[in-house]
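Beneath this line is the structure, given in structure tokens, with notes to follow.
The values are calculated or read from the model by the stated rules, or taken from the named source; none is laboratory data. Being a predicted model, the structure only gives us computed values, none of them experimental. Every residue, glycine as well, gets a Cβ built from its backbone with ideal geometry; the counts of neighbours run over all protein chains shown.
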Amino acid sequence: MLLSIDTSRDVCSVSLLDGQHAEERTSDRPRSHAELLAPFVADLLGGTDTTRLRGVVIVAGPGSYTGLRIGLASAKALCLALRAPLLAVSTLEVMAFAAFEGTPPGAFPAGHSVVVTPRFPARKGEWYVGAYEMSTSLPGTPKGIVPDTVVGDPDVATWITRHVGTRAHLDTEHEANATWAARLVQNAPHAYLQEDASSFEPYYLKEVAARPRAGSIFDRLPFGGS
Amino acid sequence: MFSPNCGNDENSCVLGIETSCDDTAAAVLVDGVLRSSIISSQSEHIPFGGVVPELASRAHDRHLVPVVEAALHEAGIQAGDLTGIAVTRGPGLIGSLMVGVSFAKSLAAGLGVPLVGVHHLDGHIDSLLLGGTPPERPTLVLVVSGGHTQLMTVNASGERQLLGKTRDDAAGEAFDKVAAILGLDYPGGPVIDRLAMTGNPSFHAFPRTRLAGYDWSFSGIKTSMLYHLGSMDAPARAAYLEKHLQDLCASFQEAVVDMLITPVVRAMKQTGFRSVGLVGGVSANSRLRARLGSEVEARGGHLHVPELSYSMDNAAMIALSGCLRLTRGEQDPLSITAQPSLPMDLRP
């Protein structure tokens, strides 16, 4: 059994996946993650035998910085409370998995691989984008072709073409959720295990844009004598 | 150590969490006795001359679990032993608060124990109960830090009322800003305090902004320092600072201390209260402690100042404030959120 949390984008979702059966609580009310996440968790855990829990899945980014921290701080607390390991998965990898699994059978020729390019807008005219290879014959885990990254709007088409090449291609902006994350992680939990869960950080993909103070304050004043 | 006489005869084990600004802190109270208090102060902000909110949020996320684990370990307990969780709900930086509140809510949900959101200033007021002899009530409490400057009354039954507050900068913020003007390191309070010890407090008469009632304004004194030095060209200023840095620090500090003390003395006269508490990070300022102490004693009162580790931002005070609320049978729903501008009259 896995408890899964996704607060990386607009939807706040929590899921309890037991084998193939998923119980999900979800809301698409804007900026509701901070308020709703803990009540969703409490609701799902009520009456559940938590000793059967194999891990807490967190959709770890990229995404809204605030959303990622709400989810991760909660996931870390649940790991501590329930003595469960932390399983972290990329937002883009879950999107790739969900998009591929959601295509009807026969959409792609059997025996070949498909490159899925999940992407969604970052701030400032940029995109969070990834490229994952999925096999039509083997079910399971997306294989990352390159690390998730941030690409400017004018360059995103070129970036995608470069990584897809001549292979079959599936482009997606569709938001995934906690249940998709849990289904993905369930296939190979060890691949997502964070040994050092306590100091684990979200996949922000961007550094903080702050510059150290330079020079004297008087240089920046109208009467600054220099 | 604190041992409250508040009727909690059952076994209680409360974790307090504080992440309102740039200190990540956790503390454990077992049966009302403080067993651990861990504070991790973020050094990430020093090169920037002030707290960078996004950096602070990221650092809280990184440090919180190790700090909580250290607090549990030092208290000799495990997470499963906890009977309640207390967390600072506000006021403070929204991103920073949100890390602590999200963590606390899910910990409470995972353990199935009650949660209480604590007003940061209630925590500071209750820090007067940590260690030593608790002050007599009613009490006048001056909270003075990098983010807050408030004067409050606490009556016999523990109810708080806001008397006055700063209308712009907090007093600690004035220290930081003036330190930046003088080219000194961040945070500015301890540096200015140290330099002022060998300076002349009457060297330069900085203006004392005095408002009616109990409010303060500290933005003028920073501007005054800026204009005082800005009237010189760079070489003259460098030579002047070389010779008079200590004097300027002492004169600035004296003006801030004068301003801080005036409403407290006025409130002692108006209310007749003789018990005064000084809390918040700026309570570490040696001149403020000495001057306020003698002013209070001259009026037959007594000044209470908690030791610095309970006076600066810490989680022991939050655990205690939360413990007192839990003992009164109060708790908050898991839907509570961080409130960056939580007003004093709104109990969380």
Could you give me the residue pairs with C-beta distances under 6 Å whose first residue belongs to the stretch B:245-272 and is among the aromatic types (F, W, Y), whose second residue is assigned to a helix (DSSP H, G or I) and surrounded by 18 or more Cβ atoms within 10 Å (Cβ to Cβ) wherever it lies, and which are 6+ apart or on separate chains? B:F252/B:V178
Considering only residues of the stretch B:287-319 that are among the small types (G, A, S) and in contact with a strand residue (DSSP E or B) (Cβ under 7 Å, 6 or more places away or on another chain), which is farthest from B:A196 (Cα to Cα)? B:A319
Among the residues in the stretch A:50-57, are any free of Cβ contacts under 8 Å to residues at least 24 places away in the same chain and either more than 9 Å from chain B (Cβ to nearest Cβ) or within 21 Å of A:D18 (Cα to Cα) (or both)? yes
Filter the stretch A:66-80 for residues that are within 7 Å of chain B (Cβ to nearest Cβ) and of a type outside the set (A, V, I, L, M, F, W, C) and give the result. A:T66, A:R69, A:S74, A:K76
Out of A:F223, A:F218, report the one residue that is under 30 Å from B:A180 (Cα atoms), at pLDDT below 95 and buried (at least 19 other Cβ atoms within 10 Å of the Cβ). A:F218
If I filter the stretch B:214-265 down to residues being of a type in the set (D, E, K, R) and assigned to a loop (DSSP other than H, G, I, E, B), which single residue comes out as nearest to B:V282 (Cα to Cα)? B:D215
In this structure, does B:S37 turn out to be among the hydroxyl-bearing types (S, T, Y) and at pLDDT 95 or above? yes
Considering only strands (runs of 3 or more DSSP E) wholly within the stretch B:15-112, the ones with at least 3 residues that are under 29 Å from A:Y204 (Cβ atoms), touching a helix residue (DSSP H, G or I) at 6+ places or on another chain (Cβ under 6 Å) and at the interface with another protein chain (Cβ under 9 Å from one of its Cβ atoms) are none
Just name the residue that is farthest from A:E175 (Cα to Cα) out of those in the stretch A:12-43 that are within 10 Å of another protein chain (Cβ to nearest Cβ) and of a type in the set (D, E, K, R). A:D43
Which condition breaks for A:G46 when tested against (1) more than 30 Å from A:L170 (Cα to Cα); (2) away from chain B (no Cβ under 14 Å)? (2)
Any residue that is more than 30 Å from B:Q270 (Cα to Cα), under 24 Å from the mean Cα position of the chain (by Cα) and part of a helix (DSSP H, G or I) - is there at least one of those in the stretch B:196-213? yes
From the list B:L111, B:L142, which one is touching a residue at least 12 places away in the same chain (Cβ under 8 Å), under 30 Å from A:L36 (Cα atoms) and not basic (K, R)? B:L111
Return the residues of the stretch B:89-137 that are of a type in the set (S, T, Y) and either surrounded by 23 or more Cβ atoms within 10 Å (Cβ to Cβ) or at positive phi (or both); say none if nothing qualifies. B:S96, B:S102, B:S106, B:S127
